[in-house]
Amino acid sequence: MIEFKNVEKMFTKNKGLKNVNITINKENIGLVGPNGAGKTTFIELLLGLHLPRKGEVIINGVKTTDKNFNLKSIGYISANLNIPKKLSVFEYVNYIKELENNEKFNTNIEMFARVLSFDLNDASSIGSLSSGMVQKLKIILGISGDKDILIFDEPTRGLDPIAVELFEKVMEKLKAKDLTIVYCSHILDEVEKFCELGLIIKDNTIVKDVNLKEHKANLKDSFNSYYDLKEIGEF
Ligand SMILES: Nc1ncnc2c1ncn2[C@@H]1O[C@H](COP(=O)(O)OP(=O)(O)OP(=O)(O)O)[C@@H](O)[C@H]1O
């Protein structure tokens with residue numbers, strides 16, 4: 001369970017996140033919003049990578065400021081290359097396997113690697129992989145094992161169309177499980193497909209939640225209504 005209680009983390013007067021109150025429990029929540037709105041900040045707060053200046057973030061009953069807070073129950077597919085570029089795929093995969101120390105994780109990564117045509121024994125350095133291959137690696141490692149919270153930050157960025165289709169099939173299966181999923185993407189179709197609730201973040205806070213169970217088209221309409229559209233002039 002993810003709880004944000006009156007959370008504020010502003011980097012400057014106008015940048016960051018504030019006034020966030022939400023509880024997410026065994027639901028699939030989509031995070032959408034314009035560039036710079038505060039979506040990644042939301043994710044980094046729930047991972048404890050940022051600590052709130054005000055309020056508290058509580059994950060499965062433990063505050064992110066607590067010394068007992070750990071990320072074991074959370075699978076995270078980040079939007080950025082936050083993995084060591086110099087390690088080979090093989091070295092990195094084995095490093096993560098040791099950290100996870102979990103048989104289910106080991107069998108899951110083999111299976112997802114087969115599905116996504118990814119070689120876990122590749123001796124190439126991670127820095128030499130294409131961005132799509134890095135993305136596949138992050139997905140395989142992020143969703144495997146016994147996580148009860150999964151965080152996706154623009155997971156399909158750089159994936160080829162077949163990999164996107166396969167990823168969508170995996171998401172459908174994850175959706176059927178008893179998990180808490182936070183899915184952040186600029187691709188509203190994905191959010192509509194995978195999530196029950198869409199949160200629109202704008203100007204550093206959640207401005208609207210949109211029920212996606214029945215009225216899927218709501219998300220695009222709501223998103224547009226919060227966007228300050230400008231005419232393209234002559235050029
Ligand atoms: N460590 C930081 N120091 C200073 N400002 C930051 C920091 N991290 C984020 N910001 C600022 O906070 C605001 C929110 O950033 P965030 O990355 O959460 O946006 P986002 O909604 O994920 O955007 P995008 O869709 O472009 O990825 C931005 O204006 C960003 O420049």
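Readers should treat all values here as calculations from the given coordinates under stated rules, not as data from a laboratory. Just so it is clear, the model here is predicted, and its values are computed rather than measured. Here Cβ is always computed from backbone atoms with ideal geometry, including for glycine, and neighbour counts include all displayed protein chains.
How many percent of Cα pairs in the range 21-128 exceed 15 Å?
74 percent
Which value, in nm² and rounded to one decimal, describes the direction-averaged projected area of the C-alpha convex hull of the range 177-217?
3.3 nm²
Report the trypsin sites (Lys or Arg not before Pro) located in the range 6-48 that are in a DSSP loop and have at most 16 other Cβ atoms inside 10 Å of their Cβ, or state none.
Loop-located and lightly packed - 13, 15, 26.
Quick one: helix 131-143 against the long Cα principal axis of the chain, what's the angle to the nearest 10°, folded into 0 to 90?
The answer is roughly 90 degrees.
Which of 179, 90, 59 sits closest to the plus end of the dipole of the chain, meaning its Cα is farthest towards the positive end, when Lys and Arg get +1 and Asp and Glu get -1 on the C-beta?
Of the options given, the answer is 59.
Using Cα pairs under 8 angstrom and six or more residues apart, how large is the relative contact order of the chain, in percent?
27 percent
Okay, helix-only estimate at 222 nm for the chain: each DSSP H run of n ≥ 4 adds -39500 (n - 2.57), divide by all residues, round to 500 deg cm²/dmol; what do you get?
Dividing the helical sum by the residues of the chain leaves -10000 deg cm²/dmol.
Which residue fluctuates most in the GNM of the chain (Cα springs below 10 Å): 48, 38, 30?
Among 48, 38, 30, the largest mean-square fluctuation in the Gaussian network model of the chain belongs to 48.
Using R₀ = 45 Å, calculate the FRET efficiency as 1/(1 + (r/R₀)^6) where r is the Cβ-Cβ separation of residue 85 and residue 227; round to 0.05.
Approximately 0.80, to the nearest 0.05.
Given a Förster distance of 25 angstrom, what is the FRET efficiency for residue 173 paired with residue 101, based on the Cβ-Cβ distance and rounded to 0.05?
0.55
Taking Cα atoms, how many degrees apart are the long axis of helix 89-100 and the longest axis of the chain, rounded to 10 and kept between 0 and 90?
It is inclined by approximately 80 degrees.
By how many nm would the segment from residue 160 to residue 19 lengthen if fully extended, with 0.36 nm per residue of separation less the alpha-carbon distance?
The span from residue 160 to residue 19 would gain 47.0 nm if fully extended.
Kindly work out what percent of the DSSP beta bridges joining two residues of the range 2-226 are antiparallel, to the nearest 5.
The antiparallel fraction comes to roughly 55 percent.
What Kirkwood Rh does the range 100-154 have if only Cα atoms enter the pairwise 1/r average? Answer in Å.
When all Cα pairs of the range 100-154 are included, the Kirkwood radius is 11.9 Å.
In a Debye calculation with equal point scatterers on the alpha-carbon sites of the range 21-75 and no solvent, what is log10 I(q)/I(0) at q = 0.15, 0.19, 0.23, 0.29 Å⁻¹?
So the normalised log intensities work out to -0.46, -0.74, -1.05, -1.41.
For the range 131-227, which chymotrypsin sites (Phe, Trp or Tyr not before Pro) are both in a DSSP coil and crowded by at most 14 other Cβ atoms within 10 Å?
227
So for the range 108-235, what are the equivalent ellipsoid semi-axes in whole Å, largest first, each being the square root of 5 times an eigenvalue of the Cα gyration tensor?
Values for the range 108-235, descending: 30, 20, 12 Å.
Treating the Cα atoms of the range 2-226 as identical point scatterers in vacuum, please give the log10 of the normalised Debye intensity I(q)/I(0) at q = 0.07, 0.15, 0.18 Å⁻¹, two decimals.
With one equal scatterer per Cα and no solvent, log10 I(q)/I(0) is -0.22, -1.03, -1.41.
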